[in-house]
There are 2 protein chains.
Amino acid sequence: MSVSRCLLVQAEVQTFIEHCMLAVGTRPSHARSLAEVLVEGDMRGHYSHGLNRLDLYVKEIRAGICAQEGEPLLEKESLATALVNGNNLLGPVVGNYCMSLAVKKAREAGIGWVVAHGSNHYGIAAYYSMQALKENMIGMSFTNTSPLVVPTRAKECTVGTNPISVAAPAKNGDSFVLDMATSAAALGKVELHHRNGISIPEGWGCDAEGRFSTDPKAVLSGGGLVPLGGSENTGGHKGYGLGLMVEVFCGMLSGSQYSKNVRTWRMTDRSADLGQCFVAINPENFAPGFNDRMADLLSMHRNLAPAESGMPVLAPGDPERKHIQTCRDMGGIPYHLKVVNHMNELASTLGVSPLLPTHRRIE
Amino acid sequence: MSVSRCLLVQAEVQTFIEHCMLAVGTRPSHARSLAEVLVEGDMRGHYSHGLNRLDLYVKEIRAGICAQEGEPLLEKESLATALVNGNNLLGPVVGNYCMSLAVKKAREAGIGWVVAHGSNHYGIAAYYSMQALKENMIGMSFTNTSPLVVPTRAKECTVGTNPISVAAPAKNGDSFVLDMATSAAALGKVELHHRNGISIPEGWGCDAEGRFSTDPKAVLSGGGLVPLGGSENTGGHKGYGLGLMVEVFCGMLSGSQYSKNVRTWRMTDRSADLGQCFVAINPENFAPGFNDRMADLLSMHRNLAPAESGMPVLAPGDPERKHIQTCRDMGGIPYHLKVVNHMNELASTLGVSPLLPTHRRIE
């Protein structure tokens, strides 16, 4: 299946997103923060959390359910913890504020654990956890999200895809970067199968009766995603438990919306009031030699003999690292032409002039 | 399949374990700590982490590879963090010390993050996370373990079943208690299928070539467990990533043994030097109303309509809660007669007189 793609330079996408957000009245520094997260999502190959989602942010600012400007508010703090009111600002604005606070606390207290309510979609979770790497610290980031996952034994979505991201520094800029939804698969993957008219693998989703289904339509219309682990027999209740664990760190600690009270995906009737959690841990407060051990752990796994030749064993973060390298080699980020055209249409409705170029075709 | 079981009173098991451990020279308070964790494991229905494992602890003390006495050593600390040398003491001695320290730090700093090296098997992970509940705090506990899990795409065991436990208090003594291995299934389950000569479900284990297998013998002889999520297609790489995340918190931060360097399961040629991590978080440092929200989250899920009648939707910790209630109703813990006979044999080799009674048969 050959799909026409075109190459966009990172800075073009960055500027384009900023201009679209400025056109709906977003504060320039906030527009820049959002653009940085979305471009990073695309660079890492997580297109479902990049440019492709720009229309969502534009819509929310336009509808007045996400704040155009303001600052996050520090509501409560101790040496090692903080509670932040995101003041309904764009997720990346809240995330950057909280992560920077967590790192500052970890520098003084060894750990910083910061939670926010009143936040919005923040893009890829790893964008925040990875900020700690620059300080040679472990970073973590969690967010609750719209209910898309059906708990084990149930037939209704009450849990978000609630991601977990943990980043830990090794040596020479190398790192461990876990960034995973607590569902077995992403909604975007189910949607893609639906559009292409093909069935999904067993263990991704269930129908409106809670029965496992390989029909993407059944999953998308009244059914839902399945927690990591699939059926109860293969540990699906663990994925469900992890989804709720993220909710404990996010909605429970922060006092935001939670579980099935979180606004439905892509609805713009009210603000999202998401809960998020950001952590930094300073390895210097623990045993010496952390970076050496991390380097050893990573190489130990990368050097394992693969079960199938040509399918090397990877460390968490390696697929993203490979995608970034591909972008660098190509001199830009490859996008589906359809996405770029769609974004150009969005831009024209906003009166944004510098449309994304589509002439650098690949394939 | 009717298996003869007998009922033992909690105090009988507790005393029995203590006597066996004293017979090999364990300090009385340490023997008591171990007995408490093992009995709690059985009470919660996790028989693979209870009395059944007593022979392992006895063997390790006898072989001189686990310390009979001593105290954990606080090697480094800040207001919110600590590094502890477990001094090769029994896991529960190290775990209790660290968890109590984490709670103390959380009282002052909002969070306590404590890691230990030089530790040993500590029983069920939830025993430690749940200690925070008594202080109305969130508790967490992680440990690395012997390599039993084959990473995604590999064919060699390099990751332990590395459990994650998170406990969070609701109201009136109710709580959320997640306690899960990061493998799809437990080794004990595969062993049980093997003994009973039945095949295992797809997605529990793989053979020595890294191919998924439903033959328990192939999994036990040269193969290994599969990470939570099963194949790469259904998110197995996420379970593998979570197993490594636990290693980051345990082996990486503490400087203990890690990954495939951890001693093979049930070998007694050298000390285990496990790494463990204990965390307490004080909800009072965050948004007011934590316990109310937790109670709502739990009841929201328990009240969901089940997909299959008679299979109620559960909250993490509910299966264990039910098992404890069953024990209370019966007036004791039901054990397989075979396990009790085996333990009585062990006791006779140790010269321990108060053997476990086997006359209170059930079924």
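The values are calculated or read from the model by the stated rules, or taken from the named source; none is laboratory data. Please read all numbers here as calculations on a predicted model, not as lab measurements. We place every Cβ from the backbone using ideal geometry, glycine too, and count neighbours over all the protein chains shown. Side chains included, ligands, DNA and RNA excluded: accessible areas come from the protein's heavy atoms. Shrake-Rupley method; radii C 1.70, N 1.55, O 1.52, S 1.80 Å.
Things worth noting here:
- Any hit, segment B:230-240, residues being crowded, with 24+ Cβ neighbours inside 10 Å and within 30 Å of B:N85 (Cβ to Cβ): yes
- Within segment A:212-235, the set of residues being over 21 Å from the mean Cα position of the chain (by Cα), assigned to a helix (DSSP H, G or I) and more than 9 Å from chain B (Cβ to nearest Cβ) comprises A:P216, A:K217, A:A218, A:V219.
- Candidates B:V219, B:V226, B:V246 - the one that is β-branched (V, I, T) and within 24 Å of A:A170 (Cβ to Cβ): B:V246
- Members of segment B:176-204 that are open to solvent by less than 30 Å² (accessible area, probe 1.4 Å), within 11 Å of chain A (Cβ to nearest Cβ) and not in a loop (DSSP other than H, G, I, E, B): B:F176, B:V177, B:L178, B:M180, B:S183
- Counted residues, segment B:205-228 - those being within 22 Å of B:S48 (Cα to Cα) and surrounded by 23 or more Cβ atoms within 10 Å (Cβ to Cβ): 10
- Residue within segment A:278-293 that is outside any helix (DSSP H, G or I) and farther than 25 Å from A:A132 by Cα present: no
- Options B:G210, B:G222, B:G205, B:G173; residue that is at pLDDT below 95 and of a type outside the set (S, T, N, Q): B:G222
- If you go through segment A:244-292 and keep only what is of a type in the set (G, A, S), within 10 Å of chain B (Cβ to nearest Cβ) and either surrounded by 24 or more Cβ atoms within 10 Å (Cβ to Cβ) or more than 19 Å from the chain's Cα centre (by Cα) (or both), you end up with A:G251, A:S254, A:G255, A:S256, A:G275, A:A287, A:G289.
- Complete set of residues in segment A:188-207 that are among the β-branched types (V, I, T) and over 22 Å from the mean Cα position of the chain (by Cα): A:I198, A:I200
- Flag for A:M311 being within 10 Å of chain B (Cβ to nearest Cβ), assigned to a loop (DSSP other than H, G, I, E, B) and of a type in the set (A, V, I, L, M): yes
- Considered as a group, the residues in segment B:84-94 that are within 14 Å of another protein chain (Cβ to nearest Cβ) and surrounded by 24 or more Cβ atoms within 10 Å (Cβ to Cβ) include one that is nearest to B:G112 (Cα to Cα), and that residue is B:V84.
- Residue tally, condition part of a helix (DSSP H, G or I) and open to solvent by 80 Å² or more (accessible area, probe 1.4 Å), over segment A:334-345: 3
- When residues of segment B:95-129 are limited to those that are closer than 21 Å to B:E60 by Cα and within 14 Å of chain A (Cβ to nearest Cβ), the one most open to solvent (accessible area, probe 1.4 Å): B:H117
- Within segment B:325-333, not a single residue is modelled with pLDDT of 95 or more, open to solvent by 50 Å² or more (accessible area, probe 1.4 Å) and either closer than 25 Å to B:N162 by Cα or in contact with a Ser or Thr (Cβ under 6 Å, 6 or more places away or on another chain) (or both).
- In segment A:346-357, the residues that are touching a strand residue (DSSP E or B) at 6+ places or on another chain (Cβ under 8 Å) and either farther than 9 Å from A:L7 by Cα or crowded, with 16+ Cβ neighbours inside 10 Å (or both): A:L356
- Test: residue in segment A:33-41 that is touching a helix residue (DSSP H, G or I) at 6+ places or on another chain (Cβ under 6 Å), farther than 25 Å from A:R293 by Cβ and open to solvent by 40 Å² or more (accessible area, probe 1.4 Å): yes
- If you go through segment A:130-162 and keep only what is of a type outside the set (V, I, T), in contact with a helix residue (DSSP H, G or I) (Cβ under 9 Å, 6 or more places away or on another chain) and either open to solvent by less than 20 Å² (accessible area, probe 1.4 Å) or in a strand (DSSP E or B) (or both), you end up with A:A132, A:M137, A:G139, A:M140, A:S141, A:F142, A:N144, A:P151, A:A154, A:G160, A:N162.
Table: residues versus (1) among the small types (G, A, S); (2) within 23 Å of A:M245 (Cβ to Cβ).
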| residue | (1), (2) |
| --- | --- |
| A:T268 | no, no |
| A:F278 | no, yes |
| A:N285 | no, no |
| A:G289 | yes, no |
| A:A295 | yes, no |
| A:G310 | yes, no |
| A:P316 | no, yes |
| A:R321 | no, no |
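- The single condition from (1) farther than 23 Å from A:G235 by Cα; (2) within 14 Å of another protein chain (Cβ to nearest Cβ); (3) touching a residue at least 60 places away in the same chain (Cβ under 8 Å) that B:P316 fails is (1).
- Looking only at segment B:64-81, and only at residues there that are closer than 30 Å to A:K105 by Cα and out of contact with any Phe, Trp or Tyr (no Cβ under 8 Å at 6 or more places or on another chain), the one that is least open to solvent (accessible area, probe 1.4 Å): B:S78
- Verdict on B:M300 being closer than 29 Å to A:G210 by Cα, open to solvent by less than 30 Å² (accessible area, probe 1.4 Å), facing chain A (nearest Cβ under 10 Å) and without any contact (Cβ under 8 Å) to a residue 40 or more places away in the chain: yes
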